[in-house]
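To keep things clear, I will list the structure first and then write my remarks on it.
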RNA sequence: GCCGAUGUAGCUCAGUUGGUCAGAGCAGCUGAUUUGUAAUCAGCUGGCCGGGGGUUCGAAUCCCUCCAUCGGCUCCA
């Protein structure tokens, strides 16, 4: 007998060799019907695989991440089986489950698949699923596995097997499709009731740009048709939040081919929104001891040779512009730090003067690959809410923590609760990518990890993601469609102070090298605003909204009164406009609602004679009649709630 | 940059197998209406069908090419 510990810590005894399915049945018939996989001592297994020793287990159903993963992984096999039937000779790469569904990378040779082919593949998948094909696990020696795929002519699988350790290799067979696979899988294909292929994409074999590009087919499956329907509806809803769509609808920003791709044009309302954010951060930074600086948009090539950026990016960035007579070369600035280093150098500092914190909303230009550009989230010209902190080595952690506090303050003010934190360190396998001494890297990485721990942040540590000059701490959020973007970033840098020979005079009257911290709590204004648009779906909080109130006169007879109200509100710095069109009130309200303007002020005969406004709140409706003073109070209270929290 | 898809008025989209196929709604303009909490009515103006080249008697429609956008991959100081 063996002891099986369930997630609630209760222990049940079973015969050795019991399977997940049997345990589920022992608990309830319902669970047995729904169980998709079992986690045994932290490892996910097939539910028909015998358990022979004491174990902690968890039964995974559709409600569990691991249950979905099992289903989707099996669905990848199912899709591969369907594709193999429909397109004989297809070679298969890898086919994992992903956050929302699964994909399979395939090589169709001369054939190609596009979304037009999806229905027939989906149909074939459902047909196979209904056959209730069992996923049969088998283990064979490595040599036999190699033979199998060499014979089949699938070089991708051969490549994969060659990378595996010697010994036995597991296969899963379902119907006619056999796949190299670690598992786990469903018992059979029958739980897969609804199938939807989502899109195709090119994907380099093993993620390597120099290798062949395969066709990646993305799909998702569900145990119930209704769930698929809900998922597709959810996707539709998410698309409505897309900042590119809302940005157009609310006239926030635009792009023009004439200006150039990836170069955003901030329209008046978008600029208003952005300025409100900038004002907010400027106030926070002033309180935190930052000094504003302003630097030009271009910098001499020598600046970047000194900083090391030229060596790293010179060829892969916008090429230099040069002066007509002297032929001196200048780069559009791709970052602000070198300029700020030169500002630091204009003056001699005592250790008592540090930290020096130089802040600038600095616009930078980077050559991003054309296929990478994406609305406001990935552009070629953008403004960083940049600052560089020059401090003594003993101040690094304290300063780092103070920056984390600013980021968290911003996230709180904007109601961003769904973010993740990532610490990016060097890739120990390719140290040649980085500049700076081993000792400095070591110190910097340590400082970040300690500061993060001290703030109690749960951070994911990712090696190989560091900038070439130093490790970093990034704050990431997801957009409406689940894509992950980096917003705030904090980076420790021992390298630039070295290269720019920055110094301060210590208490020992000797010259010392300061440490630099790069930080941008928003990251870039463009990307931050993009994410914010999606976060609020365009319904911005009052303090940020480009227009805060719109006056809707019932008819042109009340236009004079409307103008009077407008002037009063403008005096209180409430961003107000009037809808003077010759339209019915219902129409004006509808349009104001569509424009997501927070407050509508309806004025007619009654309001004019009483000196009041009839207040309607966006998304809520009629708030009744208020005096101007009372309305101003409503606005001020709502704004202050954010600013003074 | 790579793979695939898309590109028709300011916006959202129709346009069957190449032949009155250059359309609709919204927006805009004109006029009527003087309007009370999510669309008043009527008329009118908008397009070199992404750019360029080709096939054809004839191209929004077929082919080539460039550009841009979208979905991924790769990249991201």
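Just so you know, all these numbers are worked out from the coordinates, no wet-lab data involved. In this text, all values refer to a predicted model and were calculated from it rather than measured experimentally. All Cβ positions, glycine included, derive from the backbone under ideal geometry; neighbour counts span all protein chains shown.
Antiparallel as a % of all DSSP beta bridges within region A:549-643, to the nearest 5? Provide the component values of the computation, followed by the final result.
Details: 10 of 18 bridges.
Percentage antiparallel, nearest 5: 55.
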message = If packing is taken as the average count of other Cβ atoms within 10 Å, what order do A:241-247, A:32-38 fall into, highest mean first?
response = A:32-38, A:241-247
note = Quick shape summary for region A:356-433, equivalent ellipsoid via Cα gyration tensor, semi-axes whole Å in descending order, reads 25, 21, 17
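Indicate, rounded to the nearest 5 percent, the antiparallel portion of the DSSP beta bridges found entirely in chain A.
Details: 96 of 114 bridges.
Here the share of antiparallel DSSP bridges comes out near 85 percent.
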task = Calculate how large, on average over all directions, the projected area of the Cα convex hull of region A:45-138 is; give the answer in nm² to one decimal.
result = 7.6 nm²
query = Fewest to most neighbouring Cβ within 10 Å: what's the order for A:311, A:84?
reply = A:311, A:84
query = Just how far, in whole angstrom, is region A:500-528 from region A:529-569 if you go by their alpha carbon centroids?
reply = 42 Å
message = Considering all alpha-carbon pairs of region A:549-643, what whole percent are spaced by more than 19 angstrom?
response = 33 percent
ask   = How many angstrom separate the Cα center of region A:49-99 from the Cα center of region A:253-288?
value = 45 Å
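Report, to two decimal places, the Cα Rg of region A:2-61 normalised by 2.2 N^0.38 Å (N = number of residues).
Rounded to two decimals, the normalised Rg is 0.95.
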task = Could you grab the relative contact order for chain A? Cα pairs under 8 Å, six or more apart, rounded to a whole percent.
result = 9 percent
ask   = Scaled to the compact-protein estimate 2.2 N^0.38 Å, what is the alpha-carbon radius of gyration of region A:66-238, rounded to two decimal places?
value = 1.01
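Taking the beta-carbon count within 10 Å as an exposure proxy, list A:185, A:297 from fewest neighbours to most. Working shown, then result.
Values: A:185 29, A:297 14.
Going from sparsest to densest Cβ surroundings: A:297, A:185.
Listing A:485, A:62, A:45 from the residue with the fewest other Cβ atoms within 10 Å to the one with the most, what is the order? Walk me through the numbers on the way to the answer.
Working: A:485 19, A:62 16, A:45 23.
Least crowded to most crowded, the residues run A:62, A:485, A:45.
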remark   = Scattering profile of region A:217-355 from the Debye formula, Cα beads only, expressed as log10 I(q)/I(0) at q = 0.17, 0.21 Å⁻¹, is -1.14, -1.25
ask   = Against the longest alpha carbon principal axis of chain A, how many degrees, from 0 to 90 and to the nearest 10, is the axis of helix A:585-594 turned?
value = 60 degrees
query = Based on the Kirkwood radius over alpha-carbon pairs, what is the Stokes-Einstein translational diffusion coefficient of region A:292-332 at 4 °C with 1.567 mPa s viscosity, in µm²/s?
reply = 119 µm²/s
request  = Compute the acute angle (0 to 90°) between the alpha-carbon long axis of helix A:628-643 and the principal axis of greatest extent of the alpha-carbon atoms of chain A; round to the nearest 10°.
outcome  = 50 degrees
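Can you give the alpha-carbon Rg of region A:401-549 over 2.2 N^0.38 Å, where N counts its residues? Before the final figure, lay out each step's value.
Numbers: Rg = 18.0 Å, N = 149, 2.2 N^0.38 = 14.7 Å.
With N residues counted in region A:401-549, Rg over 2.2 N^0.38 Å equals 1.22.
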ask   = What's the center-to-center distance, using Cα atoms, between region A:142-180 and region A:317-377 in Å?
value = 51 Å
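Hey, what's the Kirkwood Rh for chain A if you take every pair of different alpha carbons, in angstrom?
Here the Kirkwood hydrodynamic radius works out to 29.3 Å.
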query = If one takes the longest principal axis of the Cα atoms in chain A, at what angle in degrees, from 0 to 90 and to the nearest 10, does the Cα axis of helix A:225-241 lie?
reply = 30 degrees
key: Shape call, region A:169-287: gyration tensor on alpha carbons, a/c limit 1.5   = prolate
task = Using just the helices of chain A, give the 222 nm mean residue ellipticity in deg cm²/dmol: DSSP H runs with n ≥ 4 each add -39,500 (n - 2.57), and the total is spread over all residues, rounded to 500.
result = -11000 deg cm²/dmol
